[in-house]
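Nothing in this text is a laboratory measurement; each read-out follows from the coordinates by a stated rule. Computed from a predicted model, the values in this text were never measured in an experiment. Cβ sites come from the backbone with ideal geometry, for glycine too, and all protein chains shown count toward neighbours.
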Amino acid sequence: MKYLSTRGNATQRGFCEILLEGLAPDGGLYLPAHYPVVDAAMLARWRGLAYHELAYEILSLYIADIPADDLRALTAKTYTAEVFGTEQIVPLRALEPALYLQALSNGPTLAFKDMAMQLLGNLFEYELARRSQVLNILGATSGDTGSAAEYAMRGKAGVNVFMLSPKGRMSPFQQAQMFSLQDANIHNIAIEGVFDDCQDIVKAVSNDLAFKRRHHIGTVNSINWARLLAQVVYYFAGFFQATKRDDESVTFAVPSGNFGNICAGHVARMMGLPIRQLVLATNENNVLDEFFRTGSYRVRSSAETHETSSPSMDISKASNVERFVFDLVGRDAARTQELFKTELDRRGTFTITAAEFARIAGYGFVSGSSTHADRLATIRDTHERFGTVVDTHTADGLKVARDHRSPGVPTIVLETALPAKFAETIVEAIGREPDRPAALRGIERLPKRFEVMPADAARVKAFIAAHS
């Protein structure tokens, strides 16, 4: 399997090259040259596998430059009951007939990002050891990516982490998870701006090819294909738990900020997993919902980006949309570059053609948005009727899922985080604090270590140069 850029860079690369690289040299995102097709016999064989075995089977279709025994050992090392709480790793919980929550947040940072980041940490350490090389990871987070990356990379040989986050825009718990880490290889930078400012800095640094190569810059955001690939696995695992036959279909509802999580569902569907619909849920920052309803993609300014009670989705420029649009326009790199580089980067908006918009339905996407009032109502209702407390982002997904249910088709809502991370809104909804793991009680009172900087790529580059 080789990988190509959405913007047409002619050099195809192997998996381990793009693992350490992040963005392509032309500013595009990497995708496989083709999606492997999973047939009925493969689905039948995979149905009874343990999660780490399923992960190996799926990853091995995309990874040709890691020996099979090594890859099998890496997945077995990553997906354990000790790390993720259960042997199933991502168990389903039925709320009502044909409506499920898929538990993705039982890892060390209580968020679905652990599902991919724990594997990414082990892949990085493995490949860097093979190359005798150091990697400086630069990332941006609106809440959960940062802590998941830092907990996965802390103490890893040959890895430094530089994580940008919007100053004051994460929950106190999310801030504490990141800023309380004292490991020498972890560097937190609070940017005076919103998430999109952080993400723009990551892209600006990654597009400075000389700096990127000199300082061995890599990424853990969902622009990194390896992270998105790891997320494909739990779509298959959810399907197997919700169905009894391989010819049944399911719907997945996904709270979406940077479009990485649901893009993994798109990849699973392209591989042949029987997904009826991919239900995209946004909060008040509804850029993605607007795109899937109208065909127009308009980035909001920092001032227009709402600060909400589901902060990990307070994003107005979703990187992974470029991967989907690349497929939507028939993998036409020139057309993709026209939309994202010529139009979006210069004017802040683009509109696909009527013919292109008509194709969206063929990929199974539908969308909707949710408000703070919707979140409170959903959290309260889910608690009162089912005895289950969900976090604010999962509530967005659950609300929009109910708007798009199809009779007889199981709907699986992907859990985003545990409610402990968003205690203030949970108290507002149900009148009490959510349960918190004993090891994380009082985390907000721990000493914090972080730097505050303006939204300036040059300042961030200087910091990386001084600390790598």
**Prompt:** Which entry in [x] 0.90; [y] 0.95; [z] 1.11 is this structure's computed Cα Rg over 2.2 N^0.38 Å?
**Reply:** [x]
**Item:** Positive minus negative residues near Ile315 (Lys, Arg vs Asp, Glu; Cβ under 10 Å)
**Value:** 0
**Message:** With loop defined by DSSP as not H, G, I, E or B, and exposure as at most 16 other Cβ atoms within 10 Å, which is the longest segment of the chain clear of exposed GluC sites (Glu not before Pro)?
**Reply:** 308-468
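What length, rounded to one decimal in nm, is gained on full extension from Thr349 through to Glu53, with 0.36 nm per residue of separation minus their alpha-carbon distance? Intermediate results must be reported in sequence, preceding the final value.
On the way: separation 296, 0.36 × 296 = 106.56 nm, distance 4.25 nm.
102.3 nm is the gain from fully extending Thr349 to Glu53.
Working out 0.36 nm times the residue gap between Glu356 and Glu307, then minus their Cα-Cα distance, what length gain in nm do you get to one decimal? Could the numbers behind the result be given before it?
Numbers: separation 49, 0.36 × 49 = 17.64 nm, distance 3.22 nm.
Stretched fully, the Glu356-Glu307 segment lengthens by 14.4 nm.
Based solely on its DSSP helices, what 222 nm [θ] is calculated for the chain when runs of n ≥ 4 H residues each add -39,500 (n - 2.57) and the sum is averaged over all residues, nearest 500 deg cm²/dmol? Present the calculation step by step, with values, prior to reporting the outcome.
Details: 20 runs with 197 residues, N = 468.
So the calculated ellipticity at 222 nm is -12500 deg cm²/dmol.
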**Request:** Determine the distance separating the Cα centre of the stretch 292-332 from the Cα centre of the stretch 112-185; give it in Å without decimals.
**Result:** 24 Å
**Asked** Mean separation of Cα pairs under 8 Å and 6+ residues apart, divided by the residue count of the chain: what relative contact order is that in percent?
**Response** 19 percent
**Request:** Starting from the Cα of Ala44, step 7 Å along the direction of its Cβ; do the same at Thr294; then give the gap between the two resulting points in nm.
**Result:** 4.9 nm
